[in-house]
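For reference, the structure is listed below as structure tokens.
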Amino acid sequence: MSRVVAPHIYVIFGATGDLTHRKILPALYNIVSRNGVGEKCYILGASRSDWTDEKFRDVARDSLTKKGLDLTSWNDNHVFYQSLGKKSDDFAGLKARIEALEAEFNLPGNRVFYLSIPPQVYPSTIEALGNAGLNTSPGWTRVVIEKPFGHDLESAKALNHTVHAHFSEEQVYRIDHYLGKETVQNLLVFRFANALFESQWNRDRIERVEITVAENLGIGGRAGYYDRSGALRDMVQNHIAQLFTLIAMEPPTCFEADAIRQEKIKVLQALQPIDPFEDVVFGQYTAGEVDGEAVPGYREEADVPSDSRTETYVGLRLHVNNWRWQGVPFYIRTGKRMAETLTRIAVCFNRAPVSIFRNNGSPNLNRNILLITLKPEEGFDLRFEVKSPGEPFNVKTQQFRFRYDDVFGHVPEAYETLIFDTMVGDQTLFVHAEEAEMSWKYFLPLLTQHVAVYPYAAGSWGPSKTQTLNEHWNAGGNALSKG
Ligand code: BG6
């Protein structure tokens, strides 16, 4: 597949919104700063506000400067704005503007529509695009949407139905920004370019896998969204399901979207149903201390109902019923207001079957653990046992360490990677319709099964009950699984 950018118009719906200015424009700027891309990309902001090209350019320049970007590659002549009118329904006007720009700059009719708008208006916007005939063009047309892809299985299906009524799956780019993170992509290279690890990647060699996505932030000003969503919908069904399927999937036949997505779907199909009483712990944070500062509990946050049962923490034990993983538990935990911000996968290998050093003061050897860290820094560590020098004879755990920053310097942000892929038409790092539906189908029933919600103090490692899932995770807080 060619990764050369063809001339196109990049249309951003929700052009006056926060996501556009915080993430999308800075990512686009970094892309157009690359050699040869700037002259091929024309940005057209669209939204209800009655802005002019000049106003959009001014605000965009401001946002980029605030992000610390120099503006050397910014070209006002490639940036435009189209108002959709108060009711957001002037798609005929939008179409005419796109065609006029294509005529003026001699563009072949390649278009990306990025829907940086509230998910409730995805369906009406997609329909409007289709009805205006903007789902086809003389070149290619792509539509980009962000999570959440629905609120449950029914709404995910309804959304996919609307999307497919106007666009084919090959035109649709569903963003889960976790897939744009370098370490997540590198999981595939790490697993399938290093025979050393792949040959160990199974139930004979691995005792358990742990996935931690902990944030010490609370819900910020997002109570309206979060209280209806909760941690299962916000993090598990999408981001964590992606990490998990990439760790657990079989080798795809090639590094291409369909091959990879099919393997991920097979992992979801092989999941054993979750026992809502044995394999799940929900939690909600109470007042506590984070980084030395007193913080309120979830129910005291602005706009959260004082009797809310929304889970801000989820702990899970998953089992994959296939040959590779039979009997290997996958432990997952994610939460807001946890002790620290840490996103890490720990692949815990079997211990040496016997310690021949048991009579020399080292009866218990630690297991080898591969740590894949996405936050706060991206990299890998591999723990192994060494003899500490001299006497007495002692075995100690040490680790090999790799950090992206140390070796490669600038690591592109997830949005930069993903937006570039929407320009070159590579769907590998995007979520397939079926994947989104299967994940809802699997995780969502937990929300109707009256799982108990345990309190945990802000600044802790979640409810102590989590230990009943995974004895290595105690509330006292080992971020790094020890043994
Ligand atoms: C978002 C969630 O999708 O991902 C947020 O809505 C969460 O609640 C965020 O904080 C985490 O992303 P990252 O990249 O900071 O780990």
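The values are calculated or read from the model by the stated rules, or taken from the named source; none is laboratory data. Keep in mind that this is a model prediction, so the values were computed, not measured. Neighbour counts run over all protein chains shown; Cβ positions are idealised from the backbone, glycine included.
At-a-glance table
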quantity	calculated
Index of the failed condition, Phe80 passing every other in (1) of a type in the set (A, V, I, L, M, F, W, C); (2) assigned to a strand (DSSP E or B); (3) without any contact (Cβ under 8 Å) to a residue 24 or more places away in the chain	(3)
Answer from Gln284, Gln262 - the residue that is farther than 24 Å from Tyr454 by Cα and touching a Pro at 6+ places or on another chain (Cβ under 8 Å)	Gln262
Some residue of region 89-107 being in contact with a strand residue (DSSP E or B) (Cβ under 8 Å, 6 or more places away or on another chain) and part of a strand (DSSP E or B)	no
Candidate set from region 148-190 (those that are polar (S, T, N, Q) and at pLDDT below 95); member that is nearest to the ligand (Cβ to nearest atom)	Thr183
Verdict on Asn238 being at pLDDT 95 or above, closer than 17 Å to Thr334 by Cα and out of contact with any strand residue (DSSP E or B) (no Cβ under 9 Å at 6 or more places or on another chain)	yes
Strands (runs of 3 or more DSSP E) lying entirely in region 367-483 (those with 1 or more residues that are under 30 Å from Phe357 (Cα atoms), of a type outside the set (A, V, I, L, M) and in contact with a strand residue (DSSP E or B) (Cβ under 8 Å, 6 or more places away or on another chain))	379-388, 394-403
Selected residue [touching a Pro at 6+ places or on another chain (Cβ under 9 Å), in contact (Cβ under 8 Å) with a residue 12 or more places away in the chain and not acidic (Asp, Glu)] from Lys86, Lys95, Lys40	Lys40
Exclusive hit being in a helix (DSSP H, G or I) and either within 12 Å of the ligand (Cβ to nearest atom) or of a type in the set (Lys, Arg) (or both), set Ala231, Ala259, Ala241	Ala231
Any pair with Cβ under 7 angstrom, 6 or more apart, that starts in region 340-351 at a residue that is more than 10 Å from Arg383 (Cβ to Cβ) and ends at one that is among the charged types (D, E, K, R) and within 16 Å of the ligand (Cβ to nearest atom)	Thr341/Glu215; Thr341/Lys375; Leu342/Lys375; Thr343/Lys375
Test: residue in region 428-435 that is free of Cβ contacts under 8 Å to residues at least 12 places away in the same chain and under 22 Å from Phe190 (Cα atoms)	no
Residues located in region 186-223, provided they are over 21 Å from Glu263 (Cα atoms) and within 21 Å of the chain's Cα centre (by Cα)	Thr212, Val213, Ala214, Glu215, Asn216, Leu217, Gly218, Ile219, Gly220, Gly221, Arg222, Ala223
3 or more residues within 25 Å of the chain's Cα centre (by Cα) and among the β-branched types (Val, Ile, Thr): qualifying strands (runs of 3 or more DSSP E) within region 266-335	none
Positions within region 347-393 being of a type in the set (S, T, N, Q), modelled with pLDDT of 85 or more and away from the ligand (no atom under 16 Å from the Cβ), in sequence order	Asn350, Ser355, Asn366, Asn368, Ser388
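Okay, residues lined up against (1) touching a Leu at 6+ places or on another chain (Cβ under 9 Å); (2) more than 23 Å from Asp90 (Cβ to Cβ):
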{"site": "Tyr122", "(1), (2)": "yes, no"}
{"site": "Asn131", "(1), (2)": "no, no"}
{"site": "Pro138", "(1), (2)": "no, no"}
{"site": "Leu153", "(1), (2)": "yes, yes"}
{"site": "Ser168", "(1), (2)": "no, yes"}
